[in-house]
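Values in this text are rule-based calculations from the coordinates and carry no lab data. Fair warning: this is a prediction, and the values are worked out from it, not measured in the lab. Virtual Cβ from ideal backbone geometry, glycine too; neighbours counted across all protein chains shown.
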Amino acid sequence: MSTQELHKAQVSILRTLRHTTAARYTVLRQPTDLESDVFKFHLRKLVRQQYVRKLDSGEYELTSAGKEFANNLSESEQRTQKQPKLSVAIIASREFDGTKKYLCQQRLRSPFYGFWGCLSGPVQWGESFEIAAQREFEKQTGLTATYVVRAFYRSTDYSEKDILLEDKLFAIVEASDVCGEITNDWQKGFNAWLGLAELKTQEKYFTSTCDFIAMLESGEQFRVRFPHYAQSEY
């Protein structure tokens, strides 16, 4: 959901309609204390955005999209709430001459440019974690696998000055039966098989990836971390 800022009149309309099935123009306008022409502008904008619709009775109601949008309004600010990012963290491993290695990626995009870690990607609206993992894994590596959700991980990232940078919830997905060869055609990251010790020798790496692997090995199902990063790292 967007974090767009709304005019206070639009917030008032959405909040009024959220607490009733439908309301007339005069009921919606009253809390705003706006002139009719000015209020109409804001009401019509919500209608154009398909958050509000006018009924044959002359009343107004929230559309399905409007109900979802209004449900995400901040109680203290005139904007929709910013929520944690939902992503999949994909852990894939292979044996190389008796050594277990994990498929890691160096980010070639900001934020965290140059950091090494496991593959990850966003979960789309209404999408299962397994489908999200399959899409991102195949797009980013050219490999195929079988995907199973194993655990969840909350990472709330801060700057060295304790400014909140990112808030992320990961579904940790184990990718097994990996087939194919890495293509590295995806330009936003470089993939390589690394042992855990090799990963830790990289100049920049996500300690969360080490957590993910430890959780898979122990069967731990949920963990929370609050890492801090220098501005130059982010």
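Data for the structure
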read-out: For the chain, diffusion coefficient by Stokes-Einstein and Kirkwood Rh (Cα), 4 °C, 1.567 mPa s, µm²/s; value: 63
read-out: Potential lengthening between residue 200 and residue 149 on full extension [0.36 nm per residue; Cα-Cα distance subtracted]; value: 15.9 nm
read-out: Crossing angle, helix 207-218 versus the chain [Cα axis fit, 0-90 degrees, rounded to tens]; value: 70
read-out: Segment residue 184-residue 226, extension gain: residue separation times 0.36 nm, minus the distance between their alpha carbons; value: 12.0 nm
read-out: Within a Gaussian network of the chain (alpha carbon springs, distance under 10 Å), most fluctuating of 40, 85, 101; value: 40
read-out: Rh by Kirkwood over Cα pairs, then Stokes-Einstein D for segment 44-180 at 1.306 mPa s and 10 °C, µm²/s; value: 87
read-out: Lys, Arg +1 and Asp, Glu -1 on Cβ, resulting dipole of segment 8-71 about Cα centre, debye, nearest 20; value: 140
read-out: Descending principal axes extents, segment 8-71, alpha-carbon based, whole Å; value: 28, 25, 21
read-out: Distance (nanometres) between label positions extended 7 Å along Cα→Cβ at residue 233 and residue 192; value: 2.0
read-out: For the chain, share of DSSP beta bridges that run antiparallel, in % to the nearest 5; value: 70
read-out: Two-decimal ratio, segment 188-234, of alpha-carbon radius of gyration to 2.2 N^0.38 Å; value: 1.33
read-out: Alpha-carbon Rg with Dmax, taken over segment 118-234, Å; value: 14.9, 44
read-out: Crossing angle, helix 36-48 versus the chain [Cα axis fit, 0-90 degrees, rounded to tens]; value: 40
read-out: Sequence-separation-based contact order of the chain, relative, with Cα cut under 8 Å and 6+ spacing, percent; value: 20
read-out: Above-threshold pairs, the threshold being 22 Å between Cα atoms, out of 8/85; 101/204; 8/82; 8/67; value: 8/85
read-out: GNM result for the chain, Cα springs below 10 Å: residue of 145, 175, 22 fluctuating most strongly; value: 22
read-out: Cα-based radius of gyration of segment 69-147 once divided by 2.2 N^0.38 Å, which approximates compact folds; value: 1.47
read-out: Nearest-ten-degree value, helix 8-18 long axis tilted from longest Cα axis of the chain; value: 90
